[in-house]
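The structure appears below as structure tokens.
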Amino acid sequence: MGFTERGRIRPLTERDRFGRAIERRDGVDFPFYDGVPLEISPWRWVAVWASCLVGLVVLTWFPQPDNLIAVVPRTLFIAIPLIALALVAGRHWAAVFRRVGVRDVLAMVLFALLNIAVTFTVGAIVALLFPVSANTTVAAAGDGGLLDTVALYLGSGIQLVGEEVFTLLPFLAVLYLLFAKAGLSRRAAVLLAWLASALWFGAAHLPTYDWNFAQSFLIIGSARIAFTLAYIRTKNLWVAAGAHIINDWVFITAAVVGVAVGAPALPR
């Protein structure tokens, strides 16, 4: 399939985009899926996707006796796939990030609140039907003292940006394969990539929740829908990451305050 004007694989029209409730009308589009700013071949996308898996293995298996040491694997978790993306995309690797404006910060808060509402609703339903497991990181928040708690906020912030990289690079890979190679419409390709990235994200959380499939795919997977929507709307990984950080820091802060006052932490 050849390139057209501006390097696009085929021209994009307004009919290819979602409505204003989903996508902003700012003329910005996803990078890479349509040959802009460059085309990444399928095999190179496989390499980038594999690097996300390598980062997850490092994060999972690197010894983490405390949150201070955990900063190392959390940093590698984000660094490994971004280095792989830079190797295949050159200077264009940063196309997944954009400048953050005031409305982007507001979007972070909005999508964080949306996710919290979705998580509690879906979580309550799933808890009625299936056993659920606690998130040990959140459950232990505040137990290690001041330095460990500061390291938890720092390390979790890094890891959550990494979780967006871990999810959105495969999202773009699937979007490219479906749109550029399989010939699907942009809307269909986005919806299927959205679903695939949610399943990928949920599967990655299986070890965190004791291989609880219902919790990982239904609760965590539904949360992923909201975070990816933040990226679909803004085309800015920083917005999705900001929403994710706000969301998780709410639960971490509730646990830290709970330890300080001797109250039980919120389930997560």
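Computed from the coordinates by the stated procedures, all read-outs in this text should not be read as laboratory data. On a predicted model such as this, the values are computed, not experimentally measured, just so you know. Please note: Cβ atoms are built from the backbone with ideal geometry, for glycine as well, and neighbour counts cover all protein chains shown.
Counting only alpha carbon atoms, the long axis of helix 186-204 and the longest principal axis of the chain meet at about 30°.
Of the residues 44, 99, the one with the fewest other Cβ atoms within 10 Å heads the list, and the complete ranking is 99, 44.
Where does the charge balance sit around residue 52 when Lys and Arg score +1, Asp and Glu -1, over other residues with C-beta under 12 Å from its C-beta? Neighbour charge sum, excluding residue 52 itself: -2. Phi-derived couplings, Karplus 6.51 cos²θ - 1.76 cosθ + 1.60 at θ = phi - 60°, listed residue by residue for the stretch 31-38: x, 6, 5, 10, x, 10, x, 7 Hz, with x used for Gly and Pro. Give me the log10 of I(q) over I(0) for the chain at q = 0.07, 0.14 Å⁻¹, as the Debye formula computes it from C-alpha points; what are the numbers? The Debye formula, applied to the Cα set alone, gives -0.25, -1.00. Build a GNM of the chain with springs between Cα atoms under 10 Å apart, and of 223, 240, 188 the one that fluctuates most is 188. Put in line by how crowded their Cβ is, counting other Cβ atoms within 10 Å and starting with the fewest, 74, 15, 233 read 15, 233, 74. Packing, taken as the mean count of other beta carbons within 10 Å per residue, orders the peptides 115-121, 153-159, 100-106 from highest to lowest as 153-159, 115-121, 100-106. Relative to the longest principal axis of the Cα atoms of the chain, helix 237-261 runs at roughly 0 degrees.
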